[in-house]
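Here's the structure, in structure tokens; my notes come after.
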Amino acid sequence: MKFYDAIDLYVADMVSEGRFRSPRTERGYRSTLLAHAEDVDNRDPSYVGREDVKRTLARWSHPSTQSVNRSKLVAFYDWCVQEGYRKDNPARATRPPRRRPRSGYRMNEAEVVALLEAVQTE
């Protein structure tokens, strides 16, 4: 089986199980998995190793982005193990990146409305 075919099967399964509820979720998973498929030259997922996962994660420089994309790869390979396409999960064999806290303060909606109502122009 080619990697692109495995992606299609995975997404179809997740949609049918109700795990992907929005097109945005599907698009996010597909973009990460397509980048990974490109890095592994569309090989069969059973021949992908830990170093291939690390190479894909190196595409993103920010640790928080790496963490999110690593989670997507872990979920995909967990599915591969459950479906019998693999015996192990190479994404779980990588160390999870330490997420960085968001910098700066973000106002909530009520604070923004109060700020806009306080503005007086001449």
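The values are calculated or read from the model by the stated rules, or taken from the named source; none is laboratory data. Owing to the predicted nature of the structure, the values given are computational and were not obtained by experimental measurement. Using ideal geometry, Cβ is built from the backbone for each residue, glycine included, and neighbour counts are taken over all protein chains shown. Keep in mind that these areas ignore ligands, DNA and RNA; they rest on the heavy atoms of the full protein, side chains included. Shrake-Rupley method; radii C 1.70, N 1.55, O 1.52, S 1.80 Å.
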I'm trying to understand the selection: among the residues of segment 98-122, which are among the β-branched types (Val, Ile, Thr) and either within 26 Å of the chain's Cα centre (by Cα) or under 30 Å from residue 63 (Cβ atoms) (or both)? 112
Selected residue (criterion: nearest to the chain's Cα centre (by Cα)) from residues of segment 35-59 that are touching a residue at least 12 places away in the same chain (Cβ under 8 Å), exposed (fewer than 14 other Cβ atoms within 10 Å of the Cβ) and not in a loop (DSSP other than H, G, I, E, B): 55
For residue 91, state whether it is among the aliphatic types (A, V, I, L, M) and in contact with a Leu (Cβ under 7 Å, 6 or more places away or on another chain). yes
Condition first: among the basic types (Lys, Arg) and in contact (Cβ under 8 Å) with a residue 24 or more places away in the chain. Can you find one or more residues in segment 62-76 that meet it? yes
Of everything in segment 1-24, what is assigned to a helix (DSSP H, G or I) and either aromatic (Phe, Trp, Tyr) or closer than 19 Å to residue 66 by Cβ (or both)? Give them in sequence order. 3, 4, 10
Residues of segment 66-122 being under 20 Å from residue 46 (Cα atoms), open to solvent by 40 Å² or more (accessible area, probe 1.4 Å) and either basic (Lys, Arg) or outside any helix (DSSP H, G or I) (or both), which ones? 84, 85, 87, 88, 92, 93
